[in-house]
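Enquirer: This is the structure I have questions about; it appears just below.
Every number here is computed from the coordinates shown, using simple stated rules; none is lab data. Note that the coordinates shown come from a computational prediction; the quantities given were computed from them, not determined experimentally. With ideal geometry, Cβ positions are generated from the backbone for all residues, glycine too; neighbour counts draw on all protein chains shown.
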2 protein chains.
Amino acid sequence: MTQIPLARRSPVQPDACNLAKAIDVVGDRWTLLILRAALYGVRRFDDFQAELACPRTVLSGRLKKLVEDGLLTKRTYKSPGKRSRPEYVLSPMGLSLRPILIGLTQWGDAWLGQGETPPISFTKAGSKSAIRAAFVDIEGREVRPDQIRPVLRG
Amino acid sequence: MTQIPLARRSPVQPDACNLAKAIDVVGDRWTLLILRAALYGVRRFDDFQAELACPRTVLSGRLKKLVEDGLLTKRTYKSPGKRSRPEYVLSPMGLSLRPILIGLTQWGDAWLGQGETPPISFTKAGSKSAIRAAFVDIEGREVRPDQIRPVLRG
DNA sequence: CTGAATGGGTTCGCATTTGAAATCCAGACT
DNA sequence: AGTCTGGATTTCAAATGCGAACCCATTCAG
């Protein structure tokens, strides 16, 4: 197992680090739960609310921030015979978080699932064997975790 | 671009979902920032504090929770001529979050980096070309995002 | 033309969490 | 004995969170 050498500070200041910026955008419980629901296709205010069981104030605030940050797009839908309503759909920026949330799901399956079969898993279309989050080189071949090396700019 | 079909509810109840459980464990700004630092090798209370600039109360609480949840291991170190101190090192459970945080870093590079060269990137040992987070099938070959299919248990 | 129903919020009051600073504590060094 | 230092807890104001109630516009039913 990779042992990480002791460091007094991280090599990149948090405020210059895109990971820290990403954490500012998605590093919040409700925000992550909203994105989880959105990736499953939930789009409407009341559906989010039923799904998350969170205060409407919080939901309203988080949706607004997600739209401002560009992860969700607010647009209008209209079912026939009903008035038009806003719905919140994932933008490309939001959609591209999918691998990360699937990775986190699988991490949860491995460490928090108490040995039970995961309720949901992922396969390649047309295949039955499971896929997993990993790293690949430029040619799409897997790179094992102990082969990963950080490189600082400069 | 994959368009996700409308759903009123997600296919897995949040409290049965390992993603939701994972979010309960790591879905917090300070927790994520602590893990970020830990993955770069930070281990000691004051080093975390200098790195994060967060209240010591909050840091103390988060470290305790991370130990309880099993992501960090509290152990003792002793520099010669100094008294022994606790340090917080990543457990295997914590280490296995690395791909996810690297993935999130690259997501931030892509969407929040304002076109600048990322301050840190990752390569395969002995190679110069960058690696990226992706999905692989059982044989370690990449699976494109639009090929991913969720499968419910049952 | 009312009146209720529905979806999508906002307002309000209170409880919890957070932040910043001060304090505490144990062991090593002088 | 006194001081320094890393690792925390205490204190209290300020921010954020929660839940419930309320508001608003539209549509449908009578």
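Enquirer: Counting helices only, and only those DSSP H runs with n ≥ 4, report the 222 nm mean residue ellipticity of chain B as the sum of -39,500 (n - 2.57) divided by its residues, in deg cm²/dmol to the nearest 500.
Expert: Dividing the helical sum by the residues of chain B leaves -11500 deg cm²/dmol.
Enquirer: Sticking with this one: Using only Cα positions of the protein assembly as shown, each an equal point scatterer, no hydration layer, compute I(q)/I(0) via Debye at q = 0.13, 0.14 Å⁻¹ and quote the log10 values to two decimals.
Expert: Each listed q corresponds, in turn, to -0.99, -1.14.
Enquirer: At 7 Å along Cα-to-Cβ for each site, give me the label-to-label distance between A:Asp15 and B:Ser84 in nm.
Expert: 3.9 nm
Enquirer: Another question about this same structure. Take chain A, compute every pairwise Cα distance, and split them into 5 Å bins from 0; I just need the percent in each bin.
Expert: Going from the shortest bin to the longest, the percentages are 2, 7, 12, 15, 17, 16, 13, 10, 6, 2, 1, 1, 0.
Enquirer: Roughly speaking, what is the centre-to-centre gap between segment B:64-138 and segment A:73-93 when only Cα atoms are used, to the nearest Å?
Expert: Each part's Cα centre sits 38 Å from the other's.
Enquirer: Test of understanding: in a Gaussian network model of chain A with alpha carbons linked when under 10 Å, which of A:Ala110, A:Ala16, A:Ala134 would top the mean-square fluctuation ranking?
Expert: A:Ala16
Enquirer: Give me the net charge of A:Ala20's neighbourhood, meaning all other residues with Cβ under 15 Å from the Cβ of A:Ala20; Lys, Arg count +1, Asp, Glu -1.
Expert: On the way: positive: A:Arg9, A:Lys21, B:Arg29, B:Arg36; negative: A:Asp15, A:Asp24, A:Asp28, A:Asp69, B:Asp28, B:Glu51, B:Asp109, B:Glu116.
Taking every other residue near A:Ala20 into account, the sum is -4.
Enquirer: Then there is this: Mind checking which of A:Lys21, A:Lys82, A:Lys64 has the largest fluctuation in a GNM of chain A, springs on alpha carbons under 10 Å?
Expert: Result: A:Lys82 has the largest fluctuation of those listed.
Enquirer: Relative to the other copies, what are the label-point distances for A:Arg75, with labels 7 Å from Cα along the C-beta vector, expressed in nm at one decimal and sorted shortest first?
Expert: Relative to the other copies, A:Arg75 has label-point distances of 5.3 nm.
Enquirer: Treating the point 7 Å from Cα along Cα-beta-carbon as the label, what are the nm separations from A:Pro92 to the other copies, to one decimal?
Expert: 4.1
Enquirer: By counting other Cβ atoms within 10 Å of each Cβ, how are B:Thr123, A:Thr117, A:Thr73 ranked from fewest to most?
Expert: With the fewest neighbours first, B:Thr123, A:Thr117, A:Thr73 line up as A:Thr117, A:Thr73, B:Thr123.
Enquirer: Under a cut-off of 19 Å between alpha-carbon atoms, report the aspartates and glutamates in cross-link reach of B:Lys78, not counting same-chain residues fewer than 8 places apart.
Expert: Of all the aspartates and glutamates, those that pass the test against B:Lys78 - Cα under 19 Å, at least 8 places apart if same chain - are B:Asp46, B:Asp47, B:Glu87.
Enquirer: Taking a cut-off of 14 Å between Cα atoms, list the aspartates and glutamates near B:Lys128, but don't count ones fewer than 8 places away on the same chain.
Expert: Qualifying aspartates and glutamates at Cα under 14 Å: A:Asp137, A:Glu139.
Enquirer: Under a plain spin-label model, where a point goes 7 Å from the Cα along Cα-to-Cβ, how far apart in nm are B:Tyr77 and B:Ala125?
Expert: It works out to 2.2 nm between the two label points.
Enquirer: Please order A:Arg141, B:Arg153 by the number of other Cβ within 10 Å, starting at the fewest.
Expert: B:Arg153, A:Arg141
Enquirer: What number, in percent, do you get for the relative contact order of chain A if the mean sequence gap of Cα pairs under 8 Å and at least 6 apart is divided by its residue count?
Expert: It comes to 15 percent, rounded to a whole number.
Enquirer: Could you pull out every one of the lysines with an alpha carbon less than 30 Å from that of B:Lys74, ignoring same-chain neighbours closer than 8 positions?
Expert: B:Lys74 reaches A:Lys21, B:Lys21, B:Lys64, B:Lys65, B:Lys82.
Enquirer: Which residues' amide hydrogens lie under 5 Å from the amide hydrogen of A:Leu72, considering only partners 5 or more residues apart or on another chain, with H built in the peptide plane?
Expert: Correct list: A:Val67, A:Ser91.
Enquirer: Related question: Collect residues whose amide H, placed 1.01 Å from N in the peptide plane, falls under 5 Å from the amide H of A:Asp28; neighbours closer than 5 in sequence don't count.
Expert: Result for A:Asp28 returns nothing.
Enquirer: For chain B, modelled as a GNM with alpha-carbon contacts under 10 angstrom, which of B:Asp47, B:Asp69, B:Asp137 fluctuates the most?
Expert: In this elastic network of chain B, the residue with the biggest mean-square fluctuation among B:Asp47, B:Asp69, B:Asp137 is B:Asp137.
Enquirer: By how many nm would the segment from B:Arg141 to B:Arg8 lengthen if fully extended, with 0.36 nm per residue of separation less the alpha-carbon distance?
Expert: Result for the pair: 44.5 nm of gain on full extension.
Enquirer: Taking 0.36 nm per residue of separation and subtracting the Cα-Cα distance, what length does fully extending B:Thr117 through B:Arg56 add? Show your work: numbers first, answer last.
Expert: Details: separation 61, 0.36 × 61 = 21.96 nm, distance 3.33 nm.
Between B:Thr117 and B:Arg56, full extension yields 18.6 nm more.
Enquirer: Now a separate question. Put the label 7 Å from Cα along Cα→Cβ for B:Arg56; what are its distances to the other copies, in nanometres, shortest first?
Expert: Sorted ascending, the copy-to-copy spacings read 4.5 nm.
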